[in-house]
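Data block below; observations after.
The values are calculated or read from the model by the stated rules, or taken from the named source; none is laboratory data. Worth saying up front: this structure is predicted, and the values here are computed from it rather than measured. Using ideal geometry, Cβ is built from the backbone for each residue, glycine included, and neighbour counts are taken over all protein chains shown.
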Amino acid sequence: MAERKFTLIKGGLSYPHEDGNKTFVSSFVTDTRLMGVVGLYIRWNIRSSTSPTNFHQFFYFDVEEYGFETYRSISSDDATEIELIEQTLLGGLGGKKNNLTEKEATFLLQSYVEVNRKLSTALPEGESEYEFLLEPKIEMTEKEELVLFQKQCSNITSTYQAINYFLMRCFGKDFVAAKFLAHGEFPLNIYDDIPIATLCKNTIDSFKNENGISYLCESLVENDASYMLVISEITVSDYKITSFEKRSSMQISAVEAAMMLSRSEFVTVYEILDDSEEFDVGFMKLTAGALITMHDSGKLFLVFNKTNEHVSKQVFRLNEDVYGLYYITDMAQLIVAAYSEKEVHAIEKEIQKSSIAKFLIPSSKYEFKEPVLYEFVQSGFDDFDDFLDFIK
């Protein structure tokens with residue numbers, strides 16, 4: 001999965017260090033394990049010498065390379081502050097929440113801490129707040145571990161979904177999850193000549209043979225800006241992978257990869273009449289949960305889809321988890337972009353219904369054969385029309 005750098009605001013009170021009794025209240029895990037990332041939340045009630053308070057912990061786990069990657073917490077009863085942290089850290093995962101017991105939540109955290117130790121990677125800041133969960137070591141039966149693993153995984157409802165998730169896990173060398181998606185005994189590490197790689201695009205075609213239906217997969221994978229095209233043959237029964245064979249692989253250039261990943265981009269430009277505090281508050285509500293990055297000429301908000309339905313497509317693209325992009329320039333322009341006409345129209349309607357509509361005037365609309373917004377963000381220009389005149 002693509003690396004996501006989060007901009008987080010930590011609110012509320014700091015962790016209540018004074019002695020007090022911690023009572024487990026609730027916990028959930030996102031069902032995104034097959035995407036290679038998992039979010040965990042735990043809520044505690046702490047009775048201290050001052051007054052009772054709720055303590056909320058958020059954990060972000062990367063399955064393939066980093067283990068326990070990010071930790072955030074807040075001591076507060078303010079639902080808005082809590083939701084802000086949750087949406088910012090976990091909102092982009094596109095999964096549902098499944099409830100966990102205290103034992104399951106603790107075991108899950110300890111499992112990923114063990115991954116960090118094996119990888120010799122440091123634990124995230126704030127260890128003093130979660131170290132009480134690391135001892136004593138929790139033991140679970142094989143059946144309990146299976147139940148916990150199932151809670152981390154979305155239900156498989158189509159053959160395409162099963163194949164895409166399976167290839168994603170195999171290219172990521174995540175053979176625990178790959179085995180979970182398979183039925184029968186056959187080698188999983190058939191890409192041993194390829195380092196851990198991200199599945200950027202996968203095209204699935206079916207054909208009949210003497211044994212029934214097989215699926216030929218053309219996979220574009222990336223590792224450290226190096227691209228390969230891999231052809232595999234897969235058979236499936238009851239949404240489980242029953243056989244797996246590598247046909248061929250070849251290195252391709254970044255230019256060839258870009259051509260394969262290219263798609264149309266739909267852009268609407270607004271002029272901002274007044275960037276007052278009322279506009280800022282309304283815009284933050286509109287883009288709640290967005291990944292925010294700062295640039296020389298403005299601020300980019302990346303909004304993800306609420307589900308991972310793109311994994312169920314015959315042609316899977318990793319970047320189709322993006323719903324839309326909002327870029328506010330220093331020259332008071334709001335530039336909205338999406339990768340389909342349907343999505344950009346949906347965003348326009350959301351803006352029209354929002355509290356910021358009265359501060360905006362739509363000035364232009366474009367359809368590009370390939371994405372240009374990121375080029376504008378990186379260009380140093382602060383006016384979109386000037387940028388278009390330049391590239392023409």
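Residues in the stretch 202-238 that are of a type in the set (Asp, Glu) and either closer than 12 Å to residue 164 by Cα or under 23 Å from the mean Cα position of the chain (by Cα) (or both): 218, 222, 224.
The residues listed here are 315, 322; of these, the one that is in the same structural domain as residue 277 (by TED's automatic domain parsing), free of Cβ contacts under 8 Å to residues at least 24 places away in the same chain, aliphatic (A, V, I, L, M) and within 20 Å of residue 263 (Cβ to Cβ) is 322.
To keep it simple, each residue is scored yes or no on (1) assigned by TED's automatic domain parsing to the domain that holds residue 282; (2) in contact with an Asp or Glu (Cβ under 7 Å, 6 or more places away or on another chain); (3) assigned to a strand (DSSP E or B).
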residue	(1), (2), (3)
349	yes, no, no
352	yes, no, no
358	yes, no, no
363	yes, yes, yes
371	yes, yes, no
375	yes, no, no
378	yes, no, no
382	yes, yes, no
386	yes, no, no
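Applying the condition of being in a loop (DSSP other than H, G, I, E, B) and hydrophobic (A, V, I, L, M, F, W, C) to the stretch 160-186 and asking which residue is nearest to the chain's Cα centre (by Cα) yields 181. Residues in the stretch 241-263 that are within 18 Å of residue 180 (Cα to Cα), surrounded by 16 or more Cβ atoms within 10 Å (Cβ to Cβ) and of a type outside the set (Phe, Trp, Tyr): 241 alone. Report whether or not residue 266 is at pLDDT 95 or above, in a strand (DSSP E or B) and not assigned by TED's automatic domain parsing to the domain that holds residue 94. Yes; evaluated as a whole, the condition is true for this residue. Listed by first and then second residue, the pairs linking a residue in the stretch 212-226 that is surrounded by fewer than 19 Cβ atoms within 10 Å (Cβ to Cβ) to a residue that is not in a strand (DSSP E or B), with Cβ atoms under 6 Å apart and 6 or more places separating them unless they lie on different chains, are 223/195; 223/197.
When each of 349, 306, 365 is tested for being in contact with a strand residue (DSSP E or B) (Cβ under 6 Å, 6 or more places away or on another chain) and among the charged types (D, E, K, R), the lone residue that passes is 365.
With respect to the stated conditions, residue 138 fails to be touching a His at 6+ places or on another chain (Cβ under 8 Å) and either in contact (Cβ under 8 Å) with a residue 12 or more places away in the chain or assigned by TED's automatic domain parsing to the domain that holds residue 30 (or both).
Residues in the stretch 92-117 that are under 30 Å from residue 325 (Cα atoms) and surrounded by 21 or more Cβ atoms within 10 Å (Cβ to Cβ): 92, 93, 94, 95. Inside the stretch 240-297, residues that are of a type in the set (A, V, I, L, M) and closer than 30 Å to residue 190 by Cα make up a count of 10. All told, residue 58 falls short of being in contact with a Leu (Cβ under 7 Å, 6 or more places away or on another chain), modelled with pLDDT under 95 and surrounded by 14 or more Cβ atoms within 10 Å (Cβ to Cβ). For the stretch 128-159, the tally of residues that are surrounded by 12 or more Cβ atoms within 10 Å (Cβ to Cβ), of a type outside the set (A, V, I, L, M, F, W, C), out of contact with any strand residue (DSSP E or B) (no Cβ under 8 Å at 6 or more places or on another chain) and not in a loop (DSSP other than H, G, I, E, B) stands at 3. Screening the candidates 95, 39 for the property of being assigned to a strand (DSSP E or B), within 27 Å of residue 169 (Cβ to Cβ) and modelled with pLDDT of 85 or more yields one hit, 39. Residue 189: over 24 Å from the mean Cα position of the chain (by Cα), part of a loop (DSSP other than H, G, I, E, B), exposed (fewer than 15 other Cβ atoms within 10 Å of the Cβ) and of a type in the set (S, T, N, Q), yes or no? Judged against the criteria, residue 189 is a match. Can you tell me which residues in the stretch 227-255 are on the phi > 0 side of the Ramachandran plot and out of contact with any helix residue (DSSP H, G or I) (no Cβ under 8 Å at 6 or more places or on another chain)? Answer for the stretch 227-255, where residues must be on the phi > 0 side of the Ramachandran plot and out of contact with any helix residue (DSSP H, G or I) (no Cβ under 8 Å at 6 or more places or on another chain): just 238.
Can you find a residue that is surrounded by fewer than 19 Cβ atoms within 10 Å (Cβ to Cβ), free of Cβ contacts under 8 Å to residues at least 60 places away in the same chain and among the acidic types (Asp, Glu) anywhere in the stretch 284-301? No, the stretch 284-301 contains no residue that is surrounded by fewer than 19 Cβ atoms within 10 Å (Cβ to Cβ), free of Cβ contacts under 8 Å to residues at least 60 places away in the same chain and among the acidic types (Asp, Glu).
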